[in-house]
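The values are calculated or read from the model by the stated rules, or taken from the named source; none is laboratory data. The shown structure was predicted, so the numbers you read here are calculated from the model rather than taken from an experiment. Positions of Cβ are generated from backbone atoms using ideal geometry, with glycine treated the same way; all protein chains shown enter the neighbour counts. We work out accessible area using only protein heavy atoms, side chains counted, and drop any ligands, DNA or RNA first. Shrake-Rupley method; radii C 1.70, N 1.55, O 1.52, S 1.80 Å.
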Amino acid sequence: MRSDNSLLTHVGIIMDGNGRWAKSRGLPRIDGHKAAEESIHEAVEYCGEIGIRYLTLFAFSTENWKRPRAEVSFIMFLLSRFIKRNVDNLDRKDVRIRATGRLDDLPSKPRADLDAAISRTESNQGLNLILALSYGGRAEIVDAVKSLTEEIQSGRKSVMDISEEAINSHMYLPDVPDPDLIIRTSGEIRLSNFLLWESAYSELYFTDVLWPDFRRRHMQEAFVDYKSRRRRFGDIDGN
Ligand code: FPP
């Protein structure tokens, strides 16, 4: 689903560079993930303040399960701790916590904490903070194709009903507009399986800043850059 051309409604962030940040300080990788929390705070605060409607953070990919078991466990611990420490404050700020990805893959503790935060903030009307967890763009497309195929097999839909809209309605969060802007930190210039279907017309912004160093001024720079672009959605005049 496309959002208005002139507005910045949905921002996605690939939070990369935690490991390199730690390594450059002679620290273990997990310290980089720990330091990432402050950047998440600033991003959420800033987006809330300026009225961004959706912020999707790529916190854990389907590929990240291949990392050493201790690092995976620590990231899951950080997720639980982040939710428990921040849910009161986020709720007060009218933030709605949501998640996208193969959430059934998550260990029971972080999954329960996440579910509780999602239910508690369900009716909030402010920023939608979407945590992409065990998320992969290809996995999301596979899951959408499976559930659409089930509808066809059951006779509720026919092959003729397959359309972009029908596929979209089977994605994890069909009500969320496509990201207008995707930011990736740490100098890598690729999407790495983030929101593949949804990013068809997203503007992409890459910065060398490592995620634990990413502050509101960096976000402002990304937004100024975005505003200077003319989005055409394949059209000649941007309509
Ligand atoms: C990328 O840096 C970061 C990750 C794969 C994990 C991100 C996880 C968090 C920020 C913490 C958990 C989430 C929440 C919501 C508290 P990298 O390790 O790939 O860095 P590198 O490329 O420099 O090695």
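Numerical summary
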| item | result |
| --- | --- |
| Estimated 222 nm signal from helices in the chain, with DSSP H stretches of n ≥ 4 weighted -39500 (n - 2.57), rounded to 500 | -13000 deg cm²/dmol |
| FRET efficiency estimate (nearest 0.05) - Cβ-Cβ, SER192 to ASP213, R0 25 angstrom | 0.80 |
| Kirkwood-Stokes translational diffusion coefficient of the chain, alpha-carbon pairs, 37 °C, 0.692 mPa s, µm²/s | 175 µm²/s |
| Subset of LYS146/LYS227; LYS66/LYS93; LYS23/LYS109 violating a 31 Å alpha-carbon distance limit | LYS146/LYS227; LYS66/LYS93 |
| Label point distance in nm, ILE236-GLN125, each placed 7 Å from Cα along Cα→Cβ | 4.3 nm |
| Most to least packed among 123-133, 62-72 [average Cβ atoms within 10 Å] | 123-133, 62-72 |
| Principal axis box of the range 77-216, alpha-carbon based, largest edge first, Å | 48, 35, 29 |
| Chain lengthening between ILE152 and VAL72 when straightened (0.36 nm per residue, less Cα-Cα) | 25.0 nm |
| Overall Cα dimensions of the range 1-76, principal axis frame, Å, largest first | 43, 25, 19 |
| Carbon + sulfur, % of accessible area of the chain - ligands and nucleic acids excluded, 1.4 Å | 51 percent |
| Cα-based shape type of the range 65-111, given that a ≥ b ≥ c are square roots of the gyration tensor eigenvalues and the cut on a/c is 1.5 | prolate |
